[in-house]
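Have a look at the structure below, then the notes.
The values are calculated or read from the model by the stated rules, or taken from the named source; none is laboratory data. What you are looking at is a predicted structure, and each value in this text was computed from that prediction instead of being measured. Because the Cβ atoms are built from the backbone with ideal geometry, glycine has one as well, and the counts that use them run over all protein chains shown. Areas reflect the complete protein model, heavy atoms only, side chains present, ligands, DNA and RNA absent. Shrake-Rupley method; radii C 1.70, N 1.55, O 1.52, S 1.80 Å.
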Amino acid sequence: MNTTAIILAGGRSSRMGSDKALIELGGLTVLERLIRELEPVASRIVIAAGNEAAYGRFGKEVVTDDYPGAGPLAGLHAGLESSASLWNLAVACDTPFANRGLFRALLERAEAAEALASGRAGSSEAASASLAATEAILARTEGRAHPLLAAYRRSVLPGLEARLRAGRLKMTAWTETLHTEYIEGEALASATGRPLEWCAFNMNKPEDYEQARIRLETGLLPD
(Lines give C-alpha, C1' and ligand atoms only; values in the text may rest on other atoms or scores of the structure.)
Protein backbone atom coordinates (compact mmCIF):
# COMPACT_ATOMS: atom_id res chain seq x y z
CA MET A 1 0.00 0.00 0.00
CA ASN A 2 1.31 3.42 -0.96
CA THR A 3 1.92 5.10 2.38
CA THR A 4 3.17 8.44 3.64
CA ALA A 5 4.88 8.51 7.03
CA ILE A 6 4.67 11.69 9.08
CA ILE A 7 7.27 12.28 11.79
CA LEU A 8 6.14 15.02 14.15
CA ALA A 9 9.12 17.10 15.28
CA GLY A 10 9.89 20.61 16.42
CA GLY A 11 7.87 20.75 19.61
CA ARG A 12 8.97 22.93 22.51
CA SER A 13 10.67 20.03 24.37
CA SER A 14 10.38 22.15 27.51
CA ARG A 15 10.76 19.24 29.94
CA MET A 16 13.72 17.75 28.07
CA GLY A 17 15.52 21.08 27.71
CA SER A 18 16.66 20.35 24.14
CA ASP A 19 15.10 19.21 20.87
CA LYS A 20 14.05 15.58 21.44
CA ALA A 21 14.30 14.75 17.74
CA LEU A 22 17.99 15.67 17.69
CA ILE A 23 19.10 13.83 20.83
CA GLU A 24 21.49 10.96 20.06
CA LEU A 25 20.89 7.37 21.10
CA GLY A 26 23.26 4.64 20.01
CA GLY A 27 25.11 6.98 17.66
CA LEU A 28 21.99 8.20 15.84
CA THR A 29 19.60 11.02 16.56
CA VAL A 30 16.09 9.90 17.43
CA LEU A 31 14.96 11.37 14.10
CA GLU A 32 17.50 9.27 12.22
CA ARG A 33 16.40 6.16 14.12
CA LEU A 34 12.77 6.73 13.11
CA ILE A 35 13.70 7.40 9.48
CA ARG A 36 15.72 4.17 9.43
CA GLU A 37 12.71 2.19 10.68
CA LEU A 38 10.20 3.89 8.37
CA GLU A 39 12.15 3.66 5.11
CA PRO A 40 11.45 -0.07 4.52
CA VAL A 41 7.74 0.49 5.19
CA ALA A 42 6.65 3.87 3.81
CA SER A 43 6.69 5.13 0.23
CA ARG A 44 7.37 8.68 1.41
CA ILE A 45 8.54 10.23 4.68
CA VAL A 46 7.88 13.82 5.70
CA ILE A 47 8.95 15.70 8.81
CA ALA A 48 6.23 17.96 10.20
CA ALA A 49 7.73 20.88 12.08
CA GLY A 50 7.22 24.53 12.89
CA ASN A 51 10.21 25.51 10.77
CA GLU A 52 12.45 23.83 8.22
CA ALA A 53 15.90 25.00 9.29
CA ALA A 54 16.66 22.38 11.94
CA TYR A 55 15.58 19.33 9.94
CA GLY A 56 16.48 19.93 6.30
CA ARG A 57 19.80 18.08 6.72
CA PHE A 58 18.06 14.71 7.14
CA GLY A 59 17.20 14.41 3.45
CA LYS A 60 13.42 14.28 3.88
CA GLU A 61 10.81 16.85 2.97
CA VAL A 62 9.90 19.18 5.82
CA VAL A 63 6.29 20.41 5.95
CA THR A 64 5.45 23.39 8.13
CA ASP A 65 2.33 24.03 10.19
CA ASP A 66 -0.56 26.05 8.81
CA TYR A 67 -1.63 26.59 12.42
CA PRO A 68 1.54 27.68 14.28
CA GLY A 69 1.50 27.05 18.00
CA ALA A 70 -1.39 24.59 17.80
CA GLY A 71 0.64 21.58 18.88
CA PRO A 72 0.67 18.05 17.47
CA LEU A 73 -2.73 18.37 15.80
CA ALA A 74 -1.23 21.09 13.60
CA GLY A 75 1.75 18.89 12.73
CA LEU A 76 -0.47 15.97 11.80
CA HIS A 77 -2.65 18.31 9.73
CA ALA A 78 0.41 19.58 7.82
CA GLY A 79 1.54 16.05 7.09
CA LEU A 80 -1.86 14.82 5.97
CA GLU A 81 -2.43 17.90 3.84
CA SER A 82 0.83 17.22 1.99
CA SER A 83 -0.04 13.56 1.44
CA ALA A 84 -1.64 11.80 -1.51
CA SER A 85 -1.76 8.47 0.36
CA LEU A 86 -5.01 6.85 1.45
CA TRP A 87 -3.39 5.73 4.73
CA ASN A 88 -0.64 7.58 6.58
CA LEU A 89 1.59 6.63 9.47
CA ALA A 90 2.10 9.16 12.27
CA VAL A 91 4.89 8.95 14.82
CA ALA A 92 6.18 11.42 17.39
CA CYS A 93 9.87 12.25 17.56
CA ASP A 94 9.98 11.23 21.24
CA THR A 95 9.29 7.52 20.64
CA PRO A 96 12.82 6.22 19.94
CA PHE A 97 11.93 2.53 20.08
CA ALA A 98 9.05 2.55 17.60
CA ASN A 99 10.19 0.16 14.88
CA ARG A 100 9.31 -1.20 11.48
CA GLY A 101 7.51 -4.19 12.99
CA LEU A 102 5.03 -1.90 14.66
CA PHE A 103 4.65 0.28 11.57
CA ARG A 104 3.98 -2.81 9.45
CA ALA A 105 1.38 -4.02 11.96
CA LEU A 106 -0.44 -0.68 11.77
CA LEU A 107 -0.48 -0.79 7.98
CA GLU A 108 -1.58 -4.42 7.86
CA ARG A 109 -4.53 -3.53 10.06
CA ALA A 110 -5.29 -0.56 7.79
CA GLU A 111 -5.18 -2.80 4.71
CA ALA A 112 -7.54 -5.26 6.39
CA ALA A 113 -9.93 -2.43 7.22
CA GLU A 114 -9.91 -1.26 3.59
CA ALA A 115 -10.52 -4.79 2.33
CA LEU A 116 -13.47 -5.15 4.69
CA ALA A 117 -14.94 -1.81 3.61
CA SER A 118 -14.51 -2.72 -0.08
CA GLY A 119 -16.18 -6.08 0.45
CA ARG A 120 -19.21 -4.41 1.94
CA ALA A 121 -19.44 -1.67 -0.67
CA GLY A 122 -21.58 -3.68 -3.06
CA SER A 123 -23.93 -5.03 -0.44
CA SER A 124 -27.22 -3.70 0.85
CA GLU A 125 -25.31 -2.56 3.93
CA ALA A 126 -23.17 -0.14 1.92
CA ALA A 127 -24.54 3.03 3.45
CA SER A 128 -24.12 1.92 7.05
CA ALA A 129 -20.74 0.34 6.31
CA SER A 130 -19.43 3.62 4.93
CA LEU A 131 -20.40 5.36 8.16
CA ALA A 132 -18.54 2.76 10.20
CA ALA A 133 -15.40 2.58 8.04
CA THR A 134 -12.22 2.54 10.10
CA GLU A 135 -10.47 5.93 10.11
CA ALA A 136 -7.58 5.32 12.50
CA ILE A 137 -5.45 2.50 13.90
CA LEU A 138 -3.75 3.36 17.21
CA ALA A 139 -1.23 1.59 19.41
CA ARG A 140 -2.53 1.19 22.95
CA THR A 141 -0.58 0.12 26.05
CA GLU A 142 -2.13 -0.60 29.45
CA GLY A 143 -5.32 1.20 28.46
CA ARG A 144 -3.53 4.29 27.16
CA ALA A 145 -3.98 5.11 23.48
CA HIS A 146 -1.08 6.64 21.55
CA PRO A 147 -2.43 9.00 18.85
CA LEU A 148 1.10 9.66 17.60
CA LEU A 149 1.93 6.01 17.13
CA ALA A 150 -0.81 5.38 14.65
CA ALA A 151 -2.12 5.17 11.10
CA TYR A 152 -4.75 7.59 9.81
CA ARG A 153 -6.95 7.58 6.77
CA ARG A 154 -6.53 10.84 4.87
CA SER A 155 -10.31 11.27 4.99
CA VAL A 156 -9.95 12.49 8.60
CA LEU A 157 -8.40 15.73 7.34
CA PRO A 158 -11.55 17.91 7.08
CA GLY A 159 -12.64 17.07 10.62
CA LEU A 160 -9.12 17.65 11.90
CA GLU A 161 -9.00 21.06 10.26
CA ALA A 162 -12.37 21.98 11.74
CA ARG A 163 -11.06 21.29 15.23
CA LEU A 164 -7.97 23.38 14.59
CA ARG A 165 -10.11 26.27 13.39
CA ALA A 166 -12.23 25.96 16.51
CA GLY A 167 -9.17 25.90 18.77
CA ARG A 168 -10.02 22.42 20.06
CA LEU A 169 -6.47 21.11 20.25
CA LYS A 170 -6.57 18.08 22.55
CA MET A 171 -5.51 15.15 20.40
CA THR A 172 -7.11 12.36 22.40
CA ALA A 173 -10.46 14.20 22.36
CA TRP A 174 -10.26 14.29 18.56
CA THR A 175 -9.30 10.63 18.12
CA GLU A 176 -12.21 9.61 20.33
CA THR A 177 -14.55 11.02 17.67
CA LEU A 178 -13.07 8.74 14.98
CA HIS A 179 -13.90 5.15 14.08
CA THR A 180 -10.76 3.69 15.61
CA GLU A 181 -9.17 0.28 16.01
CA TYR A 182 -6.36 -0.52 18.43
CA ILE A 183 -3.29 -2.74 18.47
CA GLU A 184 -2.37 -3.60 22.04
CA GLY A 185 -1.05 -6.14 24.50
CA GLU A 186 0.54 -9.27 23.13
CA ALA A 187 -0.13 -8.23 19.53
CA LEU A 188 1.82 -5.02 20.05
CA ALA A 189 4.74 -6.73 21.78
CA SER A 190 4.83 -9.44 19.12
CA ALA A 191 4.89 -6.88 16.30
CA THR A 192 7.79 -4.94 17.80
CA GLY A 193 9.74 -7.84 19.29
CA ARG A 194 10.10 -5.79 22.47
CA PRO A 195 8.59 -5.85 25.97
CA LEU A 196 5.25 -4.09 26.03
CA GLU A 197 6.42 -1.26 28.29
CA TRP A 198 9.00 -0.22 25.66
CA CYS A 199 6.81 -0.44 22.56
CA ALA A 200 5.49 3.09 22.92
CA PHE A 201 8.09 4.51 25.30
CA ASN A 202 8.01 8.33 25.37
CA MET A 203 11.25 10.18 26.02
CA ASN A 204 10.05 13.45 27.56
CA LYS A 205 12.52 14.19 30.37
CA PRO A 206 16.29 13.83 30.89
CA GLU A 207 15.59 10.86 33.18
CA ASP A 208 13.75 9.13 30.31
CA TYR A 209 16.72 9.70 28.02
CA GLU A 210 19.11 8.25 30.57
CA GLN A 211 16.91 5.21 31.02
CA ALA A 212 16.76 4.66 27.25
CA ARG A 213 20.51 5.14 26.85
CA ILE A 214 21.31 2.59 29.56
CA ARG A 215 18.92 0.06 28.09
CA LEU A 216 20.57 0.31 24.68
CA GLU A 217 24.16 0.34 25.93
CA THR A 218 23.65 -2.70 28.18
CA GLY A 219 21.85 -4.68 25.49
CA LEU A 220 18.60 -4.87 27.44
CA LEU A 221 16.85 -3.60 24.31
CA PRO A 222 17.78 -4.55 20.74
CA ASP A 223 18.91 -1.58 18.67
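Considering only Ala54, Ala133, Ala115, the mean-square fluctuation computed in a Gaussian network model of the chain, springs between alpha carbons under 10 angstrom, is largest for Ala115. Phi-derived couplings, Karplus 6.51 cos²θ - 1.76 cosθ + 1.60 at θ = phi - 60°, listed residue by residue for the range 66-71: 7, 10, x, x, 9, x Hz, with x used for Gly and Pro. Phi angles across the range 83-100 convert, under the Karplus curve 6.51 cos²θ - 1.76 cosθ + 1.60 with θ = phi - 60°, into 3J(HN,Hα) values of 8, 10, 8, 5, 10, 9, 7, 10, 9, 7, 6, 10, 10, x, 9, 5, 10, 4 Hz, Gly and Pro given as x. When the chain is treated as a Gaussian network with alpha carbon springs shorter than 10 Å, the biggest mean-square fluctuation among Leu73, Leu25, Leu138 belongs to Leu25. If the segment from Leu116 to Asn204 were pulled out straight at 0.36 nm per residue, it would be longer than the present Cα-Cα gap by 27.9 nm. Dividing the helix sum by the residues of the chain, where each DSSP H run of 4 or more adds -39500 (n - 2.57), gives a mean residue ellipticity at 222 nm of -11000 deg cm²/dmol. Around the amide H of Tyr55, modelled in the peptide plane, lies no amide H under 5 Å away from a residue 5 or more places distant or on another chain. In terms of its C-alpha gyration tensor, the range 86-223 comes out oblate, because a/c is 1.5 or above while a/b does not outweigh b/c. Phi-derived couplings, Karplus 6.51 cos²θ - 1.76 cosθ + 1.60 at θ = phi - 60°, listed residue by residue for the range 46-62: 10, 10, 8, 8, x, 8, 8, 4, 6, 10, x, 6, 8, x, 10, 5, 9 Hz, with x used for Gly and Pro. Please work out the C-alpha center-to-center distance from the range 1-65 to the range 135-214 and express it in whole Å. Result: 16 Å between the Cα centres. Let me check against my output: what whole-number percent is the relative contact order of the range 26-105, with C-alpha pairs under 8 Å and at least 6 apart? It rounds to 35 percent for the range 26-105. Under a plain spin-label model, where a point goes 7 Å from the Cα along Cα-to-Cβ, how far apart in nm are Gln211 and Asn51? Reported label-point gap for Gln211 and Asn51 is 3.2 nm.
Within the accessible surface of the chain, defined with a 1.4 Å probe on protein heavy atoms only, the carbon and sulfur portion equals 48 percent.
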